[in-house]
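Trainee: Starting off with a structure, shown below.
Every number in this text was worked out from the coordinates using simple rules, so none of it is lab data. Bear in mind the structure is a predicted one, so any value in this text is a computation, not a measurement. Cβ atoms come from the backbone with ideal geometry, glycine included; neighbour counts cover every protein chain shown.
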Amino acid sequence: MDRDGVAAAIAAADRVTVLTGAGISTESGIPDYRGPNGVWKKDPTAMRLVDINAYLADPAVRVEAWQERLHHPAWTAEPGAGHRALVDLERTGKLHALVTQNIDGLHQAAGSDPELVLELHGTIHRCRCLGCGYETPMQTQLDRVRAGEADPACSRCGGIQRSATVAFGQSLDPGVLRRAVEAAATCEVLLAVGTSLRVQPAARLIDLAPKALLVIVNAEPTPYDHRAAAVLRGRIGEVLPALVPST
Ligand code: NAD
C-alpha cells in the first residue's frame, strides 16, 4: 500500500492508535538512540546512563546523568510537522490513543490532548525519588544542579533521585501500559512512527493488534516491517502530514 492508500485507509477508519518513538523528535533537534546519528551509535557507553543498576551503584554515573539532563535538548526543542500532523489527526476525532515512547513532552507541546497521550516511558519534565517516590518538577532539581549540587538528593527522605522516566531494569507504569494495550487491541489502524521497534514491551503492542492495519513510518527497517500493510520510508515531517487530513 502506498501513501495515498494509507491516507484513504485512515480517512475511512474510526479508530486509529499511534505509537511514536524517538524518530518523530529528531527533526526537532532531539537525537534518537539507534538511528544513524543516534546517541548510542556515536557513544555506546552512553547506555549506562539509562541502566537503573549502574545509576544506583555508581555516583559518577548519576553526576553524568544530571549533567545530561541539565543540557537536554528537550528544554528548547519545538514540536515539528510530525507532532502537528498528529494534532490534526486528533481533530478528525479518529485518534483513539497516542502511545509514545518519548519522554520529551513534545506531543503535548504541539497541542495533543494530554489525556490521549500515553507516555510509556515517563517524562523528563518530572523528577522522582527512587526511595520514597516523591515527585517534583524537573526544573526545581535542575536549579539545584546549577547551584552546585552534583547529585541532588530527595528533599523529603534524602534518597537518590532521577527523572520520572523508565530506565532499563525498571517496570513500566502498569496503568499506562494497560491503557496502551487496550488502545492497540481495539484499533482499526495502528500507525508506528519513528520507532526502531526494538524496545519491549512497547514493540509487542503490535502483536496485540493482529486485526489492525499496521502502517510503519520509519527511515530504517524494523523487525515488524514484514507484518505491515505499508512501510513508508521518508522523513516523518514530510510523510505524516500527507497521511492525515489537515484541519
Ligand atoms: P530508536 O532510537 O530506537 O529508533 C528511532 C528510529 O527512528 C530509527 O529507526 C530511525 O531510523 C528513525 N528516524 C529517526 N529520525 C527519523 C525521521 N526524521 N524520519 C523517519 N525516521 C526517523 O527509538 P525508539 O524506538 O523510540 O526507542 C528508543 C528509546 O529511547 C525509547 O524508549 C525512548 O523512550 C527513548 N528516547 C526518547 C527520546 C525522546 O523523548 N525524544 C530520544 C531518544 C531516546
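Trainee: Can you give the extra length, in nm with one decimal, that the chain gains between residue 70 and residue 115 once fully stretched, where that is 0.36 nm per residue apart less the Cα-Cα distance?
Mentor: Values: separation 45, 0.36 × 45 = 16.20 nm, distance 2.75 nm.
Computed gain between residue 70 and residue 115 is 13.4 nm.
Trainee: Within straight cross-link reach of residue 211, meaning Cα distance under 26 Å, which lysines are found once same-chain residues fewer than 8 apart are removed?
Mentor: Straight-distance partners of residue 211: 94.
Trainee: What is the angle, in °, between the Cα long axis of helix 3-12 and the longest principal axis of the Cα atoms in the chain? Nearest 10 is fine, range 0 to 90.
Mentor: 90
Trainee: May I ask you to compute the full-extension gain from residue 157 to residue 204, defined as 0.36 nm times their residue separation minus their alpha-carbon distance, rounded to one decimal in nm? Present the calculation step by step, with values, prior to reporting the outcome.
Mentor: Numbers: separation 47, 0.36 × 47 = 16.92 nm, distance 3.67 nm.
Working it through step by step, the gained length comes to 13.3 nm.
Trainee: Does a label point 7 Å from the Cα of residue 179, set along Cα-to-beta-carbon, have any residues of region 112-154 with amide nitrogen under 20 Å, and which are they?
Mentor: Those under the cut-off are 112-128, 135-138.
Trainee: Quote the relative contact order of region 186-247 in percent (integer), defining contacts as alpha-carbon pairs under 8 Å separated by 6+ residues. Mind dumping the intermediate values first?
Mentor: Values: 81 pairs, mean separation 19.9, N = 62.
Over region 186-247, the number comes to 32 percent.
Trainee: For a distance above 24 Å, tell me the whole-number percent of Cα pairs in region 34-144 that qualify.
Mentor: When every Cα pair of region 34-144 is considered, 36 percent fall beyond 24 Å.
Trainee: Counting C-alpha atoms alone, how compact is the chain: give Rg to one decimal and Dmax as a whole number, in angstrom.
Mentor: Reported Rg and Dmax, both Å: 18.4, 56.
Trainee: So how strong a dipole does region 33-184 carry about its Cα centre when Lys and Arg Cβ are +1 and Asp and Glu Cβ are -1, to the nearest 20 debye?
Mentor: Working: 17 positive and 18 negative charges, 27 e Å.
Roughly 120 debye, rounded to the nearest 20.
Trainee: Sticking with this structure for a sec: In Å, the Kirkwood hydrodynamic radius of region 91-230 over pairs of distinct alpha carbons? Provide the component values of the computation, followed by the final result.
Mentor: Working: mean 1/r = 0.0595 Å⁻¹.
Kirkwood hydrodynamic radius for region 91-230: 16.8 Å.
Trainee: Mind listing the lone cysteines of the chain, meaning no other Cys beta-carbon sits under 4.7 Å from theirs?
Mentor: 127, 187
Trainee: What spacing in nm lies between the two simple spin-label points modelled at residue 226 and residue 47, each 7 Å away from Cα in the Cβ direction?
Mentor: For the pair residue 226/residue 47, the computed spacing is 2.4 nm.
Trainee: Relative to the longest principal axis of the C-alpha atoms of the chain, give the angle of the C-alpha long axis of helix 174-185, reported between 0 and 90° and rounded to the nearest 10°.
Mentor: The answer is roughly 10 degrees.
Trainee: Using R₀ = 41 Å, calculate the FRET efficiency as 1/(1 + (r/R₀)^6) where r is the Cβ-Cβ separation of residue 147 and residue 92; round to 0.05.
Mentor: Details: r = 47 Å, r/R0 = 1.14.
Efficiency, rounded to the nearest 0.05: 0.30.
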